[in-house]
1. Inspect segment 172-180 for any residue being under 27 Å from Lys22 (Cα atoms) and either at pLDDT 95 or above or out of contact with any strand residue (DSSP E or B) (no Cβ under 8 Å at 6 or more places or on another chain) (or both) and give the result as yes or no.
2. Of all residues in segment 26-43, which are farther than 18 Å from Ile2 by Cβ, in contact with a strand residue (DSSP E or B) (Cβ under 9 Å, 6 or more places away or on another chain) and assigned to a helix (DSSP H, G or I)?
3. Looking at segment 44-152, what strands (runs of 3 or more DSSP E) fall wholly within it and have at least 1 residues that are under 28 Å from Tyr185 (Cβ atoms) and without any contact (Cβ under 8 Å) to a residue 60 or more places away in the chain?
4. Which one of the conditions (1) of a type in the set (Lys, Arg); (2) in a loop (DSSP other than H, G, I, E, B); (3) touching a residue at least 12 places away in the same chain (Cβ under 8 Å) does Arg155 fail to meet, given that it meets all the rest?
5. Scan segment 1-18 for residues that are modelled with pLDDT of 95 or more and surrounded by fewer than 17 Cβ atoms within 10 Å (Cβ to Cβ) and jot them down.
6. Does segment 86-105 hold any residues that are more than 14 Å from Arg128 (Cβ to Cβ) and modelled with pLDDT of 95 or more, and which are they?
Amino acid sequence: MILFDIHTHILPGVDDGAPDMKTAQHMLAHAYQSGVRHIVMTPHYNEFRGLVADGHAAYEMIREDCAVQYPDLNLYYGNEIRYSSNTIDLLRAKKVFPLAGSKYVLTEFSTAVKVPFIRTALDELSMRGYIPVIAHLERYGALYKCSLDELDEFRETGALFQVNASSIYDASFSTKHFVKKLIKYDMLDLVASDCHDLSHRKPDVSEAYRYISSRYDTEYAKRLFYENPARIVL
C-alpha cells in the first residue's frame, strides 16, 4: 500500500522540526521504509511566534538529495498556517502556501481556540475559494464538546478533518475517544504524521494505517491514507 503524509516538519533548520540536513535525511529514510511515497513539507507559519513561512531553499536542497536517494519518493511544498486575520492576504500574496500548489490550506489554531473563531476561519477560507484542512483536530479541546451536528457544520464549509497518526493509538483517553468518535461517524478525512523528529513524533503513518485497517475497515483506511490525500497532491 502506497501511503501519503500531508503534514510534516522535515525541512532542515526551518522551524521546530528537523534541526539539520542529517536529521532530515534520516526522517525521509524512515518515512520511505514505512511505505510513504508522497510527502508534503509543511513548515509552520505563525506570525505571533515569529516562525517564518519561507522554506523553499531548504525544500529545493532536500528535494535534490531525495531525487538521488529515493527517486520514487515524491515531495511537495506547503505551509501549516496558524490562522489569523491576515491569512487570506498572505495566501493571495504568496507569502504562505496551500498544500502542493492546490487550494487546500493546512490550517491550525491555538489549542485554546473557541468554536466561533474556528467557524469564522473556515467560512472566510471557503468563501475565498480555499479548502481548509484543519490540522491535528484532536488538539482543540473546545471541539470535544461539540455535537455531531456542530462538527458537521464545519464540514459543510468544505473543511477536511486531519488527525495525527499517533493520536489514533497512543494518546490520552479523551483524545482517543474523540478520534474514535470521528471514525465511527465517518467524519475523519486525513491522517498524517505531523512529524518533528525521530523519537517523539516520527515520520510514520504506517502503524496508524494498520490499526485502522485491522480494527475498522481496509477500504476506510485506504480512503484516509491514500484516496483523500491523493486528491490534494495529485
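The values are calculated or read from the model by the stated rules, or taken from the named source; none is laboratory data. A quick note: this is a predicted structure, and the numbers were derived from the prediction, not measured. Cβ atoms come from the backbone with ideal geometry, glycine included; neighbour counts cover every protein chain shown.
1. no
2. Scanning segment 26-43 gives a single hit, Met27.
3. Values: elements: 74-77, 80-82, 104-108, 131-134.
The qualifying strands (runs of 3 or more DSSP E) are 80-82, 104-108, 131-134.
4. It fails just one condition, (2).
5. Result: Ile2, single match.
6. If the condition is that a residue be more than 14 Å from Arg128 (Cβ to Cβ) and modelled with pLDDT of 95 or more, then Phe97, Leu99, Ala100, Gly101, Ser102 are the ones that fit.
Residue by residue, here is whether (1) within 19 Å of Gly55 (Cα to Cα); (2) surrounded by 13 or more Cβ atoms within 10 Å (Cβ to Cβ); (3) of a type in the set (D, E, K, R); (4) in contact with a Gly (Cβ under 9 Å, 6 or more places away or on another chain) holds:
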{"site": "Ser85", "(1), (2), (3), (4)": "no, no, no, no"}
{"site": "Arg92", "(1), (2), (3), (4)": "yes, no, yes, no"}
{"site": "Leu99", "(1), (2), (3), (4)": "yes, yes, no, yes"}
{"site": "Ser102", "(1), (2), (3), (4)": "yes, yes, no, yes"}
{"site": "Leu106", "(1), (2), (3), (4)": "yes, yes, no, yes"}
{"site": "Thr111", "(1), (2), (3), (4)": "no, no, no, yes"}
{"site": "Ile118", "(1), (2), (3), (4)": "no, yes, no, no"}
{"site": "Asp123", "(1), (2), (3), (4)": "no, yes, yes, no"}
{"site": "Pro132", "(1), (2), (3), (4)": "no, yes, no, yes"}
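Rundown of residues vs (1) assigned to a loop (DSSP other than H, G, I, E, B); (2) surrounded by fewer than 16 Cβ atoms within 10 Å (Cβ to Cβ); (3) over 13 Å from the mean Cα position of the chain (by Cα), yes/no style:
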{"position": "Ala171", "(1), (2), (3)": "yes, no, yes"}
{"position": "His177", "(1), (2), (3)": "no, yes, yes"}
{"position": "Asp186", "(1), (2), (3)": "yes, yes, yes"}
{"position": "Ser214", "(1), (2), (3)": "no, yes, yes"}
{"position": "Glu219", "(1), (2), (3)": "no, yes, yes"}
{"position": "Arg223", "(1), (2), (3)": "no, no, yes"}
{"position": "Arg231", "(1), (2), (3)": "no, yes, yes"}
